[in-house]
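Enquirer: Got a structure here, written out as structure tokens. Questions coming.
The values are calculated or read from the model by the stated rules, or taken from the named source; none is laboratory data. Quantities reported herein were computed from a predicted structural model and do not represent experimental measurements. A quick note on method: Cβ atoms are made from the backbone with ideal geometry, for glycine too, and the neighbour counts reach across all protein chains shown. In case anyone asks, the SASA skips ligands and DNA or RNA and just uses the protein heavy atoms, side chains included. Shrake-Rupley method; radii C 1.70, N 1.55, O 1.52, S 1.80 Å.
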Amino acid sequence: MKITDIKKYLTATGELQKELFAESVRVRKETIGEDVHFRGIIEFSNYCEKNCLYCGIRCGNEKAERYRMTKEEIKICLAFIDRVKYGSVVLQSGELTSTKDKRFLLEIVQFIHNNYPHLGITLSCGELDFEFLKELYGAGAHRYLLRIETSVPSLYKKIHPEHHSLEKRIETLNDLKKINYQVGCGNMIGVPEQTIDNLISDLNFFQEMDFDMFGLGPYVIHEDTPMGNFENKKSWEENKEQIFQTTLNFIAMLRILLPSCNIAAATALDVFKPNGRIQALKAGANIIMPSVTPQIYRGKYLLYQNKPCIDEHAEDCSACTIRQVNAAKLNPVLGTPGNSLHYKQRNI
Ligand code: SAH
Ligand code: SF4
């Protein structure tokens, strides 16, 4: 596709946007079908060693109340996931690299693999070292989600402290591929000063790296972060609709450019519209990740503000998402892990 066309579609509104979504849905139907797969997400700790300038659980945010779930609490979540037949679990946390934290994560993965061998296991725990990632893979983790946030070095620098490195992030993504994980990436859409050309660079990066899964979403302001200042908040509020629509257009473009990938409908879209994630499914996404995090912790895992469903329990989220997917005339599929077709194809 020509750059001018990509630009046109990323900014599409009205009839052109309808055309774009019709094409992305057609491509999805032709390659992976209309099935929507579920991943129950457990946000098991909000401690983080990093200090990303946009994130509410960055180590520098002293207002964040920290927690670590116990093994017993995680086991209860897993039993729930098994009972409602989500088919896959995502373990997400801040970036933790101490020996104790690594051992804890490894033991959880071992527990899942031994007790629920039919469950897909996705990790989303930041930039871990090669040897440890290999150990986790050996223990049964087989998918990893690590967003690049932005592929543009100058923008990456603006939204991260000095010592965070885009090269290191790319190196970890390459490590994950070497180990043979199903690798997921993504970006944040709508960060201050991001341009459409920046988003085109992200699309190019995703194609070049040939990822299997995507978990991209809109940037949402958090007041207790360096990027959540008054000026940024004002312009974020003014641009909300555009950020939402651009995210949907980006998802549709990804589906067209990388048809056999799994694409998640980000929870952050529900900050913008009550049915934000469903709109993402209608634009070409095929994965939904209902929260299984215990209600007592939900209000503490605030990467961004106005996070939806913090007063709900896992049971409510399950009933609600399945109802919403049905109402959108898509096909919710329970009880299977829903691996990425793209991954299968590149491993033939
Ligand atoms: N610590 C791990 C995983 C948890 S953070 C990691 O960083 O990879 C998961 C994702 O949350 C990040 O990749 C980032 O894209 C997203 N995120 C953080 N702060 C956000 C914000 N203010 N708005 C939208 N997404 C945010
Ligand atoms: Fe930590 Fe991830 Fe937030 Fe960065 S985005 S501060 S690594 S939790």
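Enquirer: Could you check Asn61 against (1) within 24 Å of Ile108 (Cβ to Cβ); (2) part of a loop (DSSP other than H, G, I, E, B) and say which number it fails?
Expert: Answer for Asn61: the failing condition is (1).
Enquirer: Does the stretch 34-56 hold any residues that are in contact with a strand residue (DSSP E or B) (Cβ under 9 Å, 6 or more places away or on another chain) and either at pLDDT below 95 or within 15 Å of ligand 2 (Cβ to nearest atom) (or both), and which are they? Before you say what the answer is, go through the steps one by one.
Expert: Initially, the stretch 34-56 is screened for residues in contact with a strand residue (DSSP E or B) (Cβ under 9 Å, 6 or more places away or on another chain), giving 34-48, 52, 54.
Passing the criteria: Glu34, Ile41, Ile42, Glu43, Phe44, Ser45, Asn46, Tyr47, Cys48, Cys52, Tyr54.
Enquirer: Restricting attention to the stretch 112-137, which residues are farther than 22 Å from Ile170 by Cα, open to solvent by 50 Å² or more (accessible area, probe 1.4 Å) and part of a helix (DSSP H, G or I)?
Expert: If the condition is that a residue be farther than 22 Å from Ile170 by Cα, open to solvent by 50 Å² or more (accessible area, probe 1.4 Å) and part of a helix (DSSP H, G or I), then His113, Asn114, Asn115 are the ones that fit.
Enquirer: Moving on. Which numbered condition in (1) more than 18 Å from the chain's Cα centre (by Cα); (2) within 16 Å of ligand 2 (Cβ to nearest atom) is the only one that Gly215 fails?
Expert: (1)
Enquirer: Considering the stretch 324-348 alone, what residues qualify as being modelled with pLDDT of 90 or more, among the polar types (S, T, N, Q) and not in a helix (DSSP H, G or I)?
Expert: Asn331, Thr336, Asn339, Ser340
Enquirer: For Val191, indicate whether it is within 12 Å of ligand 1 (Cβ to nearest atom), touching a residue at least 24 places away in the same chain (Cβ under 8 Å), aliphatic (A, V, I, L, M) and surrounded by 19 or more Cβ atoms within 10 Å (Cβ to Cβ).
Expert: Answer is yes for this residue.
Enquirer: What number of residues in the stretch 84-111 are assigned to a strand (DSSP E or B) and within 14 Å of ligand 1 (Cβ to nearest atom)?
Expert: Within the stretch 84-111, the first condition is being assigned to a strand (DSSP E or B), and the residues that meet it are 88-93.
Next, from what is left, pick out any that are within 14 Å of ligand 1 (Cβ to nearest atom): 90-93.
Residues meeting the conditions: 4.
Enquirer: Evaluate the stretch 65-82: report whether one residue or more is of a type in the set (Gly, Ala, Ser), within 16 Å of ligand 2 (Cβ to nearest atom) and open to solvent by 20 Å² or more (accessible area, probe 1.4 Å).
Expert: Going through the stretch 65-82, the residues of a type in the set (Gly, Ala, Ser) turn out to be 79.
Then keep just the ones that are within 16 Å of ligand 2 (Cβ to nearest atom); that gives none.
Checked against the condition, which is being of a type in the set (Gly, Ala, Ser), within 16 Å of ligand 2 (Cβ to nearest atom) and open to solvent by 20 Å² or more (accessible area, probe 1.4 Å), the stretch 65-82 yields no hits at all.
Enquirer: Here is a further query. Would you say Leu257 is more than 15 Å from ligand 1 (Cβ to nearest atom), hydrophobic (A, V, I, L, M, F, W, C) and open to solvent by 10 Å² or more (accessible area, probe 1.4 Å)? So that I can check it myself, show each step before the final result.
Expert: Values: more than 15 Å from ligand 1 (Cβ to nearest atom): yes; hydrophobic (A, V, I, L, M, F, W, C): yes; open to solvent by 10 Å² or more (accessible area, probe 1.4 Å): yes.
It is true that Leu257 is more than 15 Å from ligand 1 (Cβ to nearest atom), hydrophobic (A, V, I, L, M, F, W, C) and open to solvent by 10 Å² or more (accessible area, probe 1.4 Å).
Enquirer: A further question on this structure: Looking at Asn239, Asn232, Asn174 in this structure, which one is among the polar types (S, T, N, Q), surrounded by fewer than 22 Cβ atoms within 10 Å (Cβ to Cβ), over 22 Å from Ile57 (Cβ atoms) and over 19 Å from the mean Cα position of the chain (by Cα)? First the steps, then the outcome.
Expert: Values: Asn232 fails: over 22 Å from Ile57 (Cβ atoms); Asn174 fails: over 19 Å from the mean Cα position of the chain (by Cα).
After applying the criteria, what remains is Asn239.
Enquirer: Still on this model: Name every residue in the stretch 10-49 that is away from ligand 1 (no atom under 16 Å from the Cβ) and of a type in the set (Val, Ile, Thr), in order of residue number.
Expert: Thr11, Thr13, Val25, Val27, Thr31, Ile32, Val36, listed by residue number.
Enquirer: Could you list all residues from the stretch 289-323 that are hydrophobic (A, V, I, L, M, F, W, C), assigned to a loop (DSSP other than H, G, I, E, B) and crowded, with 17+ Cβ neighbours inside 10 Å?
Expert: Keep residues of the stretch 289-323 that are hydrophobic (A, V, I, L, M, F, W, C), which gives 289, 292, 296, 302-303, 309-310, 314, 317, 319-320, 322.
Retained after the next criterion (residues that are assigned to a loop (DSSP other than H, G, I, E, B)): 289, 292, 302-303, 309-310.
Result: Met289, Val292, Leu302, Leu303, Cys309.
Enquirer: For the condition touching a helix residue (DSSP H, G or I) at 6+ places or on another chain (Cβ under 6 Å), at pLDDT 95 or above and open to solvent by less than 40 Å² (accessible area, probe 1.4 Å), what is the one hit in Asn249, Asn262? Spell out how you get there, then give the answer.
Expert: Values: Asn262 fails: touching a helix residue (DSSP H, G or I) at 6+ places or on another chain (Cβ under 6 Å).
Just a single option satisfies the conditions, and that option is Asn249.
Enquirer: Could you go through the stretch 152-168 and let me know if any residue there is within 16 Å of the chain's Cα centre (by Cα) and either free of Cβ contacts under 8 Å to residues at least 12 places away in the same chain or within 16 Å of ligand 2 (Cβ to nearest atom) (or both). So that I can check it myself, show each step before the final result.
Expert: Here is the first cut: in the stretch 152-168, the residues within 16 Å of the chain's Cα centre (by Cα) are none.
No, every residue in the stretch 152-168 fails to be within 16 Å of the chain's Cα centre (by Cα) and either free of Cβ contacts under 8 Å to residues at least 12 places away in the same chain or within 16 Å of ligand 2 (Cβ to nearest atom) (or both).
Enquirer: Could you list, ordered by first residue, the pairs with Cβ atoms under 6 Å in which the first is in the stretch 6-21 and assigned to a loop (DSSP other than H, G, I, E, B) and the second is not hydroxyl-bearing (Ser, Thr, Tyr), at least 6 apart or interchain?
Expert: From residues that are assigned to a loop (DSSP other than H, G, I, E, B), the pairs are Ala12/Leu20; Ala12/Asn249.
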